[in-house]
Amino acid sequence: MSAGRRLVRAGSIAAALLLWQLLTSLDVNVWLRFEQFPTVGEVAAALADRLGTGPYWQDLGHSLRRIVTGFLLAAVLGIAAGTAVARSRWAADLLGPLVEVARPIPAIALVPVAILLLPTNEQGIVFITFAAAFFPVLVSTRHAVRALAPVWEEAVLTLGGGRLRVLFSVVLPGALPGVFGGLSVGIGVAWICVISAEMISGEYGVGYRTWQDYTVVDYPGVFVGMATIGVLGWLTSTAVEMLGRRATAWLPRPTARGAAAVPRPRTRRATAHTAGPLSPAPASVPEKEPVP
């Protein structure tokens, strides 16, 4: 990223903070009531105080452990289930209806289920985090696998490759861009649900602490929690995006705005037996029906 773009991004945040400071310090009350909002200075002072305390970092550790555990489970099981539904008619018939019925249910609505089903609140929060990220990953993987061009699979089969060779040399590498799109969505939804679950049934964590600050009318503390959640969400989503870029480094990248994508040079000719990740199908290729 160029220095100019970095400057613009930093400037947008600075402008938002300046506007916040002006509206709150002047007690603006024109339909929107800013006289009860803490100022940027008050929030910054509260944050500085909490950075030197142990409970603040303990809450961060609890929330990060929950999000990492639930998200990793969702990533593994979501990719596996999405691939199975896209490749097998049996899996599509068995899992497809269950997925479509359960997918519209908000993950936070599963709190009563988690309380009844699991022995501890900690496991319940991880379960809700997993449920939030699982369905975006599954659906994105399913669509990415079905959209692959059948010519690559046919080439591998013609040259003597088996189903496992097709899976690991064609299907999974070719679906990676779509898979990481689902992972990016999943990590954001997981943060929303883990914070909500901590507010409802947690004993530690950023969400729990933010709700406690609200109940004792500590509004600067509430905004400290909100800012912490935002930064944590940004860091984790950036990590997923960077991992996706590294995993799909073989994709062509545009060199400049409006320029055509230039493929990365290859040192050897790709064949069905030696090829690395293969390109996904263009948008005009219809989705492939699952096979038994």
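Overall dimensions of the range 85-232, expressed as equivalent-ellipsoid semi-axes from the Cα gyration tensor (√(5λ), whole Å, largest first), are 40, 17, 11.
Lys and Arg at +1, Asp and Glu at -1: add these up for the other residues within a Cβ distance under 15 Å of Met226 and post the number. Around Met226, the charge tally is -3. Just the protein heavy atoms count here, and of the accessible area of the chain at 1.4 Å, carbon and sulfur take up 68 percent.
Fully extending the segment from Val113 to Trp90 would add 5.5 nm, taking 0.36 nm per residue of separation and subtracting the current Cα-Cα distance.
Close amide-amide hydrogen proximity is noted between Ser88 and Val291, each under 5 Å apart and 5 or more residues distant or on a separate chain (H modeled in the peptide plane; Pro and chain starts excluded).
Which shape class, rounded, prolate or oblate, goes with the range 21-95 when its Cα gyration tensor gives a ≥ b ≥ c as root eigenvalues, a/c under 1.5 marks rounded, and past that a/b bigger than b/c marks prolate? Taking the square roots of the gyration eigenvalues as a ≥ b ≥ c, the range 21-95 is oblate. Counting Lys +1, Arg +1, Asp -1, Glu -1, what net charge surrounds Thr83 among other residues with beta carbon under 11 Å of its beta carbon? Charge balance near Thr83 sits at +3.
Of the chymotrypsin sites (Phe, Trp or Tyr not before Pro) found in the range 8-58, those in coil by DSSP whose Cβ has at most 14 other Cβ atoms within 10 Å are Trp31. A helix-only calculation puts the chain at -23000 deg cm²/dmol for mean residue ellipticity at 222 nm, using -39500 (n - 2.57) for each DSSP H run of at least four residues, averaged over all residues.
Computed over protein heavy atoms with a 1.4 Å probe, the accessible surface of the chain works out to 59 Å² per residue. When the chain is treated as a GNM with alpha-carbon contacts under 10 Å, the residue of Phe223, Phe135, Phe71 showing the greatest mean-square fluctuation is Phe223. Computed on the range 7-55, with alpha-carbon pairs under 8 angstrom and 6+ residues apart, the relative contact order is 25 percent.
Grab the Cα-Cα distance for Leu235 and Leu51, subtract it from 0.36 nm times how many residues apart they are, and report the gain in nm with one decimal.
Using 0.36 nm per residue and subtracting the Cα-Cα distance, I get 64.5 nm.
Please identify the helices of the chain, taking whole runs of DSSP H, that span at least 27 Å along their own axis as judged from the Cα atoms and have a mean Kyte-Doolittle score of -0.5 or higher. Please report the intermediate quantities before stating the final value.
Working: long enough: 3-25 (32 Å, 0.85); 54-87 (49 Å, 0.66); 121-146 (38 Å, 0.81); 172-201 (40 Å, 1.55); 219-247 (42 Å, 0.81).
Helices meeting the criterion: 3-25, 54-87, 121-146, 172-201, 219-247.
The values are calculated or read from the model by the stated rules, or taken from the named source; none is laboratory data. In this text, all values refer to a predicted model and were calculated from it rather than measured experimentally. Reconstructed Cβ throughout: ideal geometry from the backbone, glycine too, with neighbour counts over all protein chains shown. Ligands, DNA and RNA are excluded from the accessible area calculation, which covers all protein heavy atoms including side chains. Shrake-Rupley method; radii C 1.70, N 1.55, O 1.52, S 1.80 Å.
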